[in-house]
Each structure stands twice: as structure tokens, then as C-alpha cells.
1. Please give the residues of segment 267-310, grouped as numeric ranges, whose backbone N is less than 18 Å from a label point set 7 Å along the Cα-to-Cβ vector of L43.
2. Scan segment 165-262 for trypsin sites (Lys or Arg not before Pro) in coil per DSSP, keeping those whose Cβ has at most 16 other Cβ atoms within 10 Å, and list them by number.
3. Return the tail of the calculated pair distribution for the chain, meaning the percent of Cα-Cα pairs more than 43 Å apart.
4. For E77 and D54, FRET efficiency with R0 = 30 Å and r from the beta-carbon atoms, rounded to 0.05?
5. If you take the beta carbon distance between D590 and A446 as r and set R0 to 25 Å, what does 1/(1 + (r/R0)^6) give as a FRET efficiency, to the nearest 0.05?
6. Distance in nm between label sites at L352 and L693, each 7 Å beyond Cα in the beta-carbon direction?
7. With a point put 7 Å past each Cα toward its Cβ, work out how far A606 is from F326 in nm, to one decimal.
8. Please compare each pair in K445/K481; K625/K672; K624/K658 to a cut-off of 24 Å on the Cα-Cα distance and tell me which ones are over it.
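The values are calculated or read from the model by the stated rules, or taken from the named source; none is laboratory data. Worth saying up front: this structure is predicted, and the values here are computed from it rather than measured. Virtual Cβ from ideal backbone geometry, glycine too; neighbours counted across all protein chains shown. These area figures cover heavy atoms from the full protein model, side chains too; ligands, DNA and RNA do not enter into them. Shrake-Rupley method; radii C 1.70, N 1.55, O 1.52, S 1.80 Å.
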Amino acid sequence: MSPLDDLPLDPEAIRLRAATLDPEHARARVGWLVPELRRHNRLYHVGNAPEIDDRSYDLLYRELELLEERFPDLVREDSPTRRVGDQPVAELLPFPHRQPMLSLSNAFSDEELREFDARCHRFLGDLAPTVINYVVEAKLDGLAIELVYEGGLLTGAGSRGDGQVGEDVTHNVRTIRAVPTRLLVDDPPARVDIRGEVFFDLAGFARMNEARESAGKKPFENPRNAAAGTVRQLDPTVAASRPLVFTAHSFGDTGDVDLPDTHLAQLELVHGWGLPINPINRRLPGIEAVIARIAELQELRHTLPYEIDGAVVKVDDIRLQRELGFVTRSPRWATAYKYPPPQVSTRLQDVLFSVGRTGAVTPVALLTPVRVGGVTVSRATLHNADQLTRLDLRHGDAVRVERAGDVIPQVVEVVPEEGRETRDPVAYPDRCPECGTELVQEEDKAVITCPNTLSCPAQLRAALLHWGSRYAMDIDGLGTKLVDQLLAQGLVHRVSDLYDLTVAQLAALDRMAEKSAENLITALERSKDQSLARALVALGIPEVGEATARDLANHFGSLDRIADASEADLAEVFGIAERVAHLVRGFFDDPRHTEEIARLRADGVAFPEVETTDPSPTSEAVAKKTFVLTGTLPTLARSEAKELIQARGGKVTGSVSKKTDYVVVGENPGSKHTRAEELGIPILDEDGLKQLLER
Ligand code: IVH
């Protein structure tokens, strides 16, 4: 097979021959090595049936590298060595998707899976077969990537981003050995977009972390974040050195490729082209079989060589998929079943009361460290006073801790133990642990706060960091280390003091030099002209985030008009709830806040006015209207109807009042229907809603 006799697998022999081979033989050898390496790659990653061991592969690869070094004109576009571009990219460029990359709706119980099936049947109507065939796949916990193949060659790879435009990560995805750079197909399509998951399997992740630790580097906490971080690197040699893998699970634009008419057969086709697919994918007749398979997978889960966070259920028949179509951001023909988040038991060591930016005092459980869902947890939130009461938490209790995805871990329950009643209950302190001010609890509210808003050190620290944060005044260099020093040195007692700082004061601080001090002063100067919306965010008005700030700025046009608006005026603004209107009014009613705003203005913070605009209504009939949904609609899930209404600028609320514009009624409606009739509010069925949406 090989144009040369095979050498003993000895690095020195291989080096020698590569250094002496004449051009003619070198060409032939490269012509053999490239497809041979590609074949071994495929056997390893796609077929899971390697013929040679890793060392032999590495030696063949080395030989190719040496020959390509000597004869650069022998380097082929599809050479495995070309996977690693040597040049880092300067930035990640936008990567538009020809077809939007959607996400999946979720199901959290068997009941919700049955509802999903019922919805498919309802929506398909006469087209629905008696039993719908589904494919059940593992929900891989990595990140979705689109691969673009043109004429059979991998020409691009992008992340999902917002679904329309992702980031171009071709340079990194090319380094993943499981991603073929050339499709194994005689007559390759002009272009096809294939999607799948990039992730670390458990063995690769462990290997990588061991290597990091022996190199004195910090190991990664969990495979998902590590994969995302790796794919977004600018320098492709980083990704090349980490064992990322890939599994195909869906398609983007497939152009005029003649594809089979079921999802599973389509995956099998691209498997034949050299793309890895998951061997545990199964086709199942009807939702009960799906439910049984998901239960099976949940058992299997712990024996799989990679992490999964659920199962994905897809309608297998492509024709039915087309009929079912999409709602805003997810297909109607698929859903993700999420496994309950992992829980573990550990022991409560202490409770710390942490004071947030708004003064809310939150109990935080300090725990004997445990591993939960791939990360080590030593703190968990206890939320508020109500939660302490509900748990009847006592010092030294054994507790169950839960961690759902990237969410902060929480204590879910106390493990019953004999004699725990004799332990001391965990109770809130009377005074703020940071400034000693007496804490207050508003009536009927679970939140306990420190009322010393402007000078409690914990609140001031948080307020300063918030003021400078990326979403607010965006002040480069105003990080925790600096803020802590400013507070410790007594240089800053309120946010506005930031603008009185001098280069000399800053340069005298630890780890600051003349240059960094000057940079910070420039950043502070620049921040004075930030937009009104950003300045509103920066002020830290409770519940006013980016979207609300923008709504307020666009509606009123100036800080003074917002500060003067009555609670009713504020609540008039579309998108602003009454509760938020109350909080905004309360903020400006506090003289300490108005004084601080005056100081900021005196320091030159501009709070620039903007031209007032109302959000441009995309549909006159729906924009700014308030809807209430009740009962089961024939084809739309509640969440789908809600998304459709919101996408056109409408609002969906939970209860019927005089302010409600329409009540959408499905099967078995509740009291909301009766209430709408009493108040004389227009009632729509699903068709009526759809007509309105299309107007
Ligand atoms: S199909 C329109 N299949 O889950 C459906 N996605 O929330 C497109 N994922 O962004 C995705 N395993 O990153 C599909 N077997 C699987 C999956 C899977 C994991 C991820 C994917 C996607 C997210 C959807």
C-alpha cells in the first residue's frame, strides 16, 4: 500500500528518511500519508475502531510534517497538518448563519413530554399519523457549532451567537480531529451546513486537567465552560492542544442536497461522509416509548463517557417537521427533556450574612465542600428570611444542596437527624454585619435590608463597582482591587467622590503607577458623557436594568423628567410594571439620592438628554396591548403564544383587570374567562389571536 517500505516505528529513522528522500518519492509518500492519516482519524473518531495506536499515528503525522517542511509545495489543502493555522486571529469575526440556529423548548416531566406530543398531534391535525415516530438523543453539554462544507471541504465554522449571527471560530474548529476537513463523498454538494456539539469527553477533560496541574496551571472547573472558552480563543494552537470532540446532531442550510426523509437517516448519511454521530440515538414509536427511553438514558447517564444534561426528542419525519415549523426561537418539532439538577448532602458549617448593592441582606450557607454536577461547592444561597423559616435551619445541620446549570447553588432541604431540635436555629442578626446599622424588614416582605444606603461600606463598595461596570459607566480599571484600596484609604465616601480623585492620589496606591493612574482619570473623564440610559443603570435604582433604563430614557428624554414623573406617569411607560414604577419613584423621593445626583452633575456627569421615542410597534394591533391567556389552545403552547405576542411588542400578564386589552381563551379556561366577560374585555380564540398577530 505504501509507496515505501514501512520503517520500524522509530522517530530517528523517520526523521532521517524524511530529511533525505528525493522529491519524486516525497511526493508519492505525502500522497499516501495524507489519506492514510485521515482514514485513521476517521476510524478513531467516527467509527470508534482504531487500527493503530496513538504513538504510531503520531509518528506518521510527524513524518508528514517533516516532509511538508522540506517541500512546502507538497502541502495540500486537506492535509491533517493544515488543521492548525499558525497565525492567531486578531478578533473573532461575525459568522452569519444562512438559517437561524435555534434553541430548544424544555420539558421537565413526563407530563410535559405528553403535552409536547399532544401539541404535535393537534398542530398536525389530519396530517398526524396515529403514532408519531420520535428520535431520542442525548443532550450533550457543550456548545453548538455550525460547520460549512463547500465542495466537500470544510471552509467555515461558527458558534450560535444570537441565532442569526455567531462568531467565526473556524481556526479553532479546524483543529478538532473529529471534524473532517474533507467529506468522504464522491460527488460533494456545492455547500452544506452541518451542526453539532463541540465538547470535552470525561477522559479528555481529566487528561487535560492533569496536564494543566502538572504544568502548575489551574484546572478547569467544568467541561462545558472549558469547551466554550477553548473555542473562543484567538490562538488556534490552544485549541489544538486540547482534546475537543464533536458530534453532529442537526442541519442548517442543506441547499439542494438530496437528503433522506427522516432525521435519523439524515444523520446516518452524514456519518457515512465522515462526521461522528452519537451511537445512542434511537427512533421510537410514540411518546410512551420516548418516556421509557429517557428513563433508560437517565440510568445509562452515569456510564457514558461524556456529560449529558438531558435528552433531546425530535420528530423523525422531515415532512412532519416542516409542517410543524417554528415559534420565534425554537422548533415545534423538538424539545429538550432536562434531568433534575444534581443534589448532594453536606454539612452546614456557618451562615454568613452578605450585604448587596441594594442593601438586601442575604444569608449564605458556608458548607463542607462537596462536588455537585462537576463543580466544588462550598457556599450556597439561603435566599431570605422566609427560606430560613421554611427550612427551620439550625447550626451544624446536614443539608441537601442543588446546583442547576450555571445558577448559584442553593440549599433545598435539611436532612432529618435525631436531636437536631436541640441545635441553635439560624437567625438574622439585628444589625448590619458591615456597618452596624439596625436592619429593617418591610411588612409582608421576606427581604431584610440595611437602610444605610449611601455609606454602608458593603453597599458603597458594590455601588462603586456597579457604577464602573461594563453595562453602566464602563470605567476601565475600576475593579475590586482598586475600589478596596480607595475605601481603605478613605479616598472615597460616595460615588461622586470618584470624580475628585487626582493622578497623584491614584499613583500612590498599591500596584498603580503614573501611567495607570492617568488612564483611570481619562476613563473617569470619558464616563461623564455616557448615555442617559447607562447613567440610569449606573445609579442603581432598584429593578432598573438595561432594558428598563432604555425605556425610561426614550419615554421621558431627560433625567429631570424621570425624577419628576409621578408613579402613575412612570407606570404608563410601556414595559414598566407598577411595582417598578413604585421603586423608581421611591428612589427619587429619597433626598440622599437627589443630593448625590446634584453632586455628580456638579462634577460634570452629563446625563445627556435624548429625543423621546416610543418603541416602534411592529404590529399596530398587538403592540402596547395587554393580553391574558387562559385554557389550553389547540395548537399553540402557552409559552409560544406569549412569545408571539411579545415579539410584536405586546405584553402578557397573569390576571385580568380593567387594563387588559384581550383575553385569549382555549379549552377548559379558568375564572379569568368569567372575569373577562364581567369586565366586558374582548375575548379571542386562537384563530382570533393569529389574525390579530398577522394584521
Ligand atoms: S438539536 C433546533 N440535538 O442544545 C434544534 N441540540 O437548546 C437544534 N444540544 O444549541 C439543536 N445536544 O447546543 C440538538 N442532540 C442534540 C443536542 C443539542 C445538545 C444543544 C445545542 C443547542 C441546544 C438547544
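1. 272-276
2. Of the trypsin sites (Lys or Arg not before Pro), the ones in loops of segment 165-262 whose Cβ has at most 16 other Cβ atoms within 10 Å are K217, R232.
3. Numbers: 102201 of 241165 pairs.
Across the chain, Cα pairs with separations above 43 Å total 42 percent.
4. Values: r = 26 Å, r/R0 = 0.85.
Working from the Cβ atoms, E equals 0.70.
5. On the way: r = 22 Å, r/R0 = 0.89.
FRET efficiency, D590 to A446: 0.65.
6. 4.7 nm
7. Placing both labels 7 Å along Cα→Cβ, they lie 3.9 nm apart.
8. Numbers: K445/K481 34 Å; K625/K672 17 Å; K624/K658 15 Å.
Beyond 24 Å between Cα atoms: K445/K481.
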